[in-house]
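Peer 1: Pasting a structure here, questions to come.
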Amino acid sequence: MFTDIVGYTALMQKDEDVAMRVRTRHREVFESLHKIHNGEIIQYYGDGTLSVFKSAIEAANCAIEIQKLLQEGDPVPVRIGLHMGDIVYSETEVYGDGVNFASRIESMSVAGGILLSEKLNDELKNHPTIATKSLGHFELKNIAKPVEVFAVCNEGIKVPQVQELKGKQKVAYKTIAVLPFTNMSTSAENEYFSDGITEEIINALAKIKNLKVTSRTSSFFSRIKRFPSNK
């Protein structure tokens with residue numbers, strides 16, 4: 001679990017006393033709920049935290065209770081990212097792909113929200129008390145491939161709109177292939193007519209945004225391979 005307080009730096013500049021009270025309450029809530037859910041706070045990063053849990057269920061339940069409790073009274077605007085992966089301990093720091101992944105997901109979120117990696121979401125599927133939804137695929141800094149990000153959508157938890165997220169969304173392109181028309185007549189001259197219709201359809205579809213159309217060469221290759229017309 002990776003977390004931070006949204007707007008904390010600006011709050012420190014505006015009113016240090018209020019900022020310190022916010023951080024104190026933040027730590028009190030975190031420490032009490034981590035004990036309840038068998039979590040361990042590995043490191044504090046100023047206004048943020050890195051912690052680990054024995055199970056995905058305990059991590060998600062702890063995150064939900066943290067958000068709900070911090071919204072009572074004077075709200076503490078916290079965003080949370082959850083991922084399941086390996087971490088490495090050294091004498092001075094904790095690092096690894098698991099830490100990096102959780103950090104990137106957390107930084108995408110909004111105050112009051114809980115975002116999950118696909119790997120952690122898989123562990124929560126069909127759980128009766130934890131509801132999640134996919135927000136789409138995103139490109140994250142220092143992560144090789146686009147990743148699917150999920151949000152906890154239990155009552156009282158902020159579910160961000162896609163446009164609110166800070167990651168770069170990866171557009172999922174749909175692909176279509178246009179197979180050439182077959183000349184069913186006895187006249188070979190009509191072959192040019194059927195090919196012309198095929199090319200017009202390919203050109204028209206190529207103008208549609210977010211639709212990938214296979215090339216003319218690939219389409220007409222199907223004729224050479226003699227694919228059945230009903231495939």
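Peer 1: Would you point out which residue out of GLY81, GLY98, GLY113 is in the same structural domain as LEU33 (by TED's automatic domain parsing), in contact with a Pro (Cβ under 8 Å, 6 or more places away or on another chain) and buried (at least 19 other Cβ atoms within 10 Å of the Cβ)?
Peer 2: Going through GLY81, GLY98, GLY113 in turn, just one is in the same structural domain as LEU33 (by TED's automatic domain parsing), in contact with a Pro (Cβ under 8 Å, 6 or more places away or on another chain) and buried (at least 19 other Cβ atoms within 10 Å of the Cβ): GLY113.
Peer 1: Return the residue satisfying two criteria in turn: it lies in the stretch 181-204 and is part of a helix (DSSP H, G or I) and among the small types (Gly, Ala, Ser), and of such residues it is modelled with the lowest pLDDT. Lay out the reasoning, then the answer.
Peer 2: Applying the first criterion (part of a helix (DSSP H, G or I)) to the stretch 181-204 yields 190-204.
Subset that is among the small types (Gly, Ala, Ser): 194, 196, 204.
Values: SER194: 79, GLY196: 83, ALA204: 87.
Ranking the qualifying residues of the stretch 181-204, first place goes to SER194.
Peer 1: Separate question: If a residue must be of a type in the set (S, T, N, Q) and assigned to a strand (DSSP E or B), how many such residues does the stretch 117-150 contain?
Peer 2: Step one: of the stretch 117-150, the residues of a type in the set (S, T, N, Q) are 117, 121, 126, 129, 132, 134, 142.
After this cut, where a residue has to be assigned to a strand (DSSP E or B) as well, the list is 117, 132, 134.
Total meeting the criteria: 3.
Peer 1: Could you check the stretch 144-166 and list, in sequence order, the residues that are within 18 Å of ALA102 (Cα to Cα) and either free of Cβ contacts under 8 Å to residues at least 24 places away in the same chain or hydrophobic (A, V, I, L, M, F, W, C) (or both)?
Peer 2: Correct list: ALA144, LYS145, VAL147, VAL149, PHE150, ALA151, VAL152, VAL159, LEU165.
Peer 1: Can you tell me which residue in the stretch 32-51 is farthest from ILE80 (Cα to Cα), limited to those that are among the charged types (D, E, K, R) and surrounded by fewer than 14 Cβ atoms within 10 Å (Cβ to Cβ)? Please lay out each step first, then the result.
Peer 2: Looking only at the stretch 32-51, we keep the residues that are among the charged types (D, E, K, R), and these are 35, 40, 47.
Those left that are additionally surrounded by fewer than 14 Cβ atoms within 10 Å (Cβ to Cβ): 35, 40.
Details: LYS35: 18, GLU40: 15 Å.
This residue is LYS35.
Peer 1: Separate question: Report, ordered by the first and then the second residue, all pairs with beta carbons closer than 8 Å, sequence separation of six or more or different chains, a first member in the stretch 46-72 that is farther than 16 Å from VAL29 by Cβ, and a second member that is surrounded by fewer than 21 Cβ atoms within 10 Å (Cβ to Cβ) and aromatic (Phe, Trp, Tyr).
Peer 2: Taking only residues 6 or more apart or on different chains, the pairs are GLY46/TYR8.
Peer 1: Further, regarding this structure: Of the conditions (1) out of contact with any Ser or Thr (no Cβ under 8 Å at 6 or more places or on another chain); (2) in contact (Cβ under 8 Å) with a residue 24 or more places away in the chain; (3) part of a helix (DSSP H, G or I), ILE114 fails just one. Which one is it?
Peer 2: Unmet for ILE114, out of (1) out of contact with any Ser or Thr (no Cβ under 8 Å at 6 or more places or on another chain); (2) in contact (Cβ under 8 Å) with a residue 24 or more places away in the chain; (3) part of a helix (DSSP H, G or I): (3).
Peer 1: Could you please give the count of residues in the stretch 33-91 that are under 20 Å from ILE105 (Cβ atoms) and assigned to a strand (DSSP E or B)?
Peer 2: Adding up the residues that qualify gives 19.
Residue by residue, here is whether (1) at pLDDT below 90; (2) of a type in the set (Gly, Ala, Ser) holds:
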position	(1), (2)
GLY96	yes, yes
PHE101	yes, no
GLU106	no, no
ILE114	no, no
LYS133	no, no
GLY136	yes, yes
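The values are calculated or read from the model by the stated rules, or taken from the named source; none is laboratory data. These figures come from a predicted structure and were not determined experimentally. In this analysis, Cβ positions are derived from the backbone assuming ideal geometry, glycine residues included, and neighbour counts consider all displayed protein chains.
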